[in-house]
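The values are calculated or read from the model by the stated rules, or taken from the named source; none is laboratory data. Bear in mind that the values here come from a model prediction, so they are computed numbers and not experimental data. For neighbour counting, all protein chains shown are included, and Cβ atoms are generated from backbone atoms with ideal geometry for every residue, glycine included. Heads up: the accessible areas ignore ligands, DNA and RNA and are worked out on the full protein's heavy atoms, side chains in. Shrake-Rupley method; radii C 1.70, N 1.55, O 1.52, S 1.80 Å.
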Amino acid sequence: MWTTLETNLNIAILCSGNGTNLQAIIDNVNKGYIPARIAFVLSDEKKAFALERARSAGIETVTLDKKDYKEREDFDREIVRRLKKKNVELVILAGFMRLLSPYFIKEYRNRIINIHPALLPSFKGPHGIKDAIDQGVKVTGVTVHFVDEYLDNGPIILQKAVEIKEGDTEETLLERVHKEEHRIYPEAIKLFVEGKIKVEGRRVRVIARPAKQAEAI
Ligand code: GRF
């Protein structure tokens, strides 16, 4: 199935932290590079700077506190309820530090995407950058992928390699990884909303990558 043929569809972004990827998405929506409407930005952390970024851009924000929900699935049901109410067709995880329940995945199968700071399937988990440095690999990178029931596991949409240089620290590498993230995440979202992505089992076919790449923020 091709993802969608509509443009200007509704997207929602889920974040827990600083939100630099969110900013790159907002900027590229505002420039018209991503033909979509941001229905809302949701966070599980009321202090997330990502919420500030959304508010400054005039985007609706939602904060949910996990303490108000007994089970993970109850929390996810509330998110899904809000997504459906706003006719959201693509859910974008941008530093959202929670695992999604099978319920959420089932409701939005192949319509949830995530960005990971490593070349999956290497260095899964929350410390992709540190783990790559500790392992001594010479090349790491960035992966945009669909989200399935397993951690950092779903079908891969786009990847970009980033070289690890002599003397790199987590900070210096993070900076270069972020630069690539801020280019390929908007590009992957654009491909999805323009209906140029087809999921065939584990393989994602991309019909035509945009001639113009998103600019790094
Ligand atoms: C990014 O490095 C992304 O790969 C990972 O979480 C980080 C979020 O950073 N999933 P930011 O909040 O977008 O700055």
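Which count do you get for residues in region 105-137 that are of a type in the set (D, E, K, R) and assigned to a loop (DSSP other than H, G, I, E, B)?
3
Working carefully through the options 45, 71, 60, find the one that is more than 30 Å from residue 206 (Cβ to Cβ), within 16 Å of the ligand (Cβ to nearest atom), open to solvent by 10 Å² or more (accessible area, probe 1.4 Å) and not aliphatic (A, V, I, L, M).
Values: 71 fails: within 16 Å of the ligand (Cβ to nearest atom); 60 fails: within 16 Å of the ligand (Cβ to nearest atom).
The unique qualifying residue is 45.
Got a sec? Which of 24, 12, 54 is crowded, with 19+ Cβ neighbours inside 10 Å and in a strand (DSSP E or B)?
Numbers: 24 fails: in a strand (DSSP E or B); 54 fails: in a strand (DSSP E or B).
Residue meeting the stated conditions: 12.
Could you list, in sequence order, the residues of region 170-216 that are within 13 Å of the chain's Cα centre (by Cα) and among the basic types (Lys, Arg)?
Residues satisfying the conditions are 183, 190.
Provide a single number: the residues in region 160-187 that are under 23 Å from residue 91 (Cβ atoms) and either open to solvent by less than 30 Å² (accessible area, probe 1.4 Å) or within 12 Å of the ligand (Cβ to nearest atom) (or both).
Let us first name the residues in region 160-187 that are under 23 Å from residue 91 (Cβ atoms), namely 160, 177-178, 180-187.
Filter once more, keeping what is either open to solvent by less than 30 Å² (accessible area, probe 1.4 Å) or within 12 Å of the ligand (Cβ to nearest atom) (or both): 160, 177-178, 180-182, 184-187.
The number of residues fulfilling the criteria is 10.
With respect to residue 61, determine if the residue is without any contact (Cβ under 8 Å) to a residue 40 or more places away in the chain and of a type in the set (S, T, N, Q). Lay out the reasoning, then the answer.
On the way: without any contact (Cβ under 8 Å) to a residue 40 or more places away in the chain: yes; of a type in the set (S, T, N, Q): yes.
Yes: the conditions hold for residue 61.
Considering 130, 84, which residue is open to solvent by 40 Å² or more (accessible area, probe 1.4 Å), farther than 26 Å from residue 183 by Cα and either away from the ligand (no atom under 16 Å from the Cβ) or touching a helix residue (DSSP H, G or I) at 6+ places or on another chain (Cβ under 6 Å) (or both)? Quick ask: steps written out before the conclusion?
On the way: 130 fails: farther than 26 Å from residue 183 by Cα.
On inspection, the qualifying residue turns out to be 84.
Filter region 85-98 for residues that are over 13 Å from the mean Cα position of the chain (by Cα) and part of a loop (DSSP other than H, G, I, E, B); which is farthest from residue 146 (Cα to Cα)? Talk me through it step by step, then tell me what you get.
Of the residues in region 85-98, the ones over 13 Å from the mean Cα position of the chain (by Cα) are 85-89.
Applying the additional criterion that residues be part of a loop (DSSP other than H, G, I, E, B) yields 86-87.
Numbers: 86: 21, 87: 19 Å.
Among them, the one singled out is 86.
Scan region 140-156 and give yes if some residue there is assigned to a strand (DSSP E or B), open to solvent by 50 Å² or more (accessible area, probe 1.4 Å) and farther than 23 Å from residue 33 by Cα, otherwise no.
no
If the Cβ limit is 7 Å and pairs must be 6+ apart or interchain, which residue in region 67-82 that is closer than 24 Å to residue 38 by Cβ pairs with which residue that is open to solvent by 60 Å² or more (accessible area, probe 1.4 Å) and not aliphatic (A, V, I, L, M)?
75/66
Any idea which of (1) acidic (Asp, Glu); (2) away from the ligand (no atom under 16 Å from the Cβ); (3) more than 16 Å from the chain's Cα centre (by Cα) is the one residue 52 doesn't satisfy?
The single condition residue 52 does not satisfy is (2).
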